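Please read the structure below before turning to the comments.
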Amino acid sequence: MKKRRRLAETLWNLWCIGTIVGIWPRFIEPKLIRRSKLTLPIKDLPKNLEGLRIVHFSDLHLSPQVSDRFLDRLTKKINALSPDIVLFTGDFIDYSTLNDPQRLQKVLSSIEARLGCYASFGNHDYARYVSIDSSGNYDVKSSKRSGIIGGFNRLLTKTTLSGQATDAAKAVPFHEELLSLLKKTPFTLLHNETTQIDLNGDRLNLCGLGDYMLGRCLPQEAFKTYDKNAPGIILSHNPDTLQTLKDYPGNIILCGHTHGGAVMLPGIRRRIILLENPQFVRGKFTIGDKTAYVNRGIGSTIPFRWFASPEILLLTLESS
C-alpha cells in the first residue's frame, strides 16, 4: 500500500512539473504563508481587553512531507506578531496519524503567547480518521488510501452531504498519544468546554467545540461555564457549525477545515471541499450578532493550492 501511495505521489509530481501550469499550485503556493488582519469592534469591551492581539491559525496537517523549514517559518511569523493569545482550530495531524511526535511537540512549543495558547480538535485529530463516504455520511475512513487518489475520486464523483455522522464515526475515541503530547506544549485543548482568561479583573471567554463530523460538536455542554457578562471567542473546526452556534453567546467564531477552498477554480472547488453550507468557505461572515472567520489554514492532506494560500490571522479587539 505504501508503494502505491509513493507511486501516486511520484506520478502526480511529474504531471505537475510536466504541465508547467501545475508548478505554482503544487510547489509554490502551498509554501506561502500570508498574514491577514481583522479588527473586531465589541460593544462595551472591558478596558483591559482593548487592543488584545490574538493570532488564529488552523489545519497544520503535520506529516513527513511538511518540511522543517516551512514549520520554522510558520512559528517565526506567528511570534513576530507578538500575540497575547494564540488559537488553533484543529487538524494538528494528518489522517489521524502521529508520524513524528517529537517534531509536532517542538513546533507547538516554539509558539509564544503572553496569555496562553488554546486549541480545538478537527476530524483528523481523533483515533480514527473521519471523512465523507459515498452516501454523503460522515464515516470512518481508511488512512491508507493515497490523498491524491482520493482527491481525484472526489473531483470525479458528485456527492450530496446528508449531514449525519454514522455510529462508527460517533464511537471513535480520542487520540490518546496526541492528548498526551499536547500536555507537554503550551496548547490547552478545549473540547466542548469554556475557560476564562482574566486580565486585571476583566474576563474573556474562550469556548472550544468538538468536531462536527464525528458528532462531537456539543454546544449545550460547551457553554455551561460560559460567563455571559464577558465577551467571548468560539473555536469550531468545521464552519458547518456556524448556523447552530449563532444562537449561543460569543462575539466571534473562528473556524478552519476548508483550506480556503483549496482550488478556487470554477466547477472544481465545490467538488473538492464539500460543505453543507458552501458559502462559508473562507473569510469573514456575519452570523446573527456575531462575526465568523473561516481561516484558509496552513497545511493540507494534498499539498496543492490555487488562489488559497496558507494563512495566519491577526485579530485585534477594540471597543465599538
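The values are calculated or read from the model by the stated rules, or taken from the named source; none is laboratory data. Not measured: the values here are computed from a predicted model. Note: ideal-geometry Cβ built from the backbone for every residue, glycine included; neighbour counts use all protein chains shown.
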Exercise. Do we find a residue being farther than 24 Å from Asp202 by Cα and at pLDDT below 95 anywhere in region 293-301?
Worked result: yes
Seminar exercise, completed: Heads up, the strands (runs of 3 or more DSSP E) in region 178-268 (entirely inside) with at least 3 residues that are over 30 Å from Pro303 (Cβ atoms) and over 16 Å from the mean Cα position of the chain (by Cα) are 193-199, 202-208
Exercise. Quick one: is Ile33 modelled with pLDDT of 95 or more and either in contact with a Lys or Arg (Cβ under 7 Å, 6 or more places away or on another chain) or surrounded by fewer than 17 Cβ atoms within 10 Å (Cβ to Cβ) (or both)?
Worked result: yes
Exercise. Among the residues of region 113-135, how many are in contact with a helix residue (DSSP H, G or I) (Cβ under 9 Å, 6 or more places away or on another chain), among the hydrophobic types (A, V, I, L, M, F, W, C) and closer than 22 Å to Ile253 by Cα?
Worked result: 4
Exercise. In region 43-77, which residue that is over 15 Å from Ala119 (Cα atoms) and of a type in the set (A, V, I, L, M, F, W, C) is nearest to the chain's Cα centre (by Cα)?
Worked result: Leu62
For this session: Could you please find all residues in region 251-281 being buried (at least 24 other Cβ atoms within 10 Å of the Cβ) and free of Cβ contacts under 8 Å to residues at least 60 places away in the same chain?
Result: Ile253, Thr258, Gly260, Ala262
Exercise. Among the residues of region 40-61, is any of a type in the set (Lys, Arg), modelled with pLDDT of 95 or more and surrounded by 12 or more Cβ atoms within 10 Å (Cβ to Cβ)?
Worked result: yes
For this session: Would you check which residues across region 99-137 are surrounded by fewer than 22 Cβ atoms within 10 Å (Cβ to Cβ), β-branched (Val, Ile, Thr) and outside any loop (DSSP other than H, G, I, E, B) and list them?
Result: Val107, Ile132
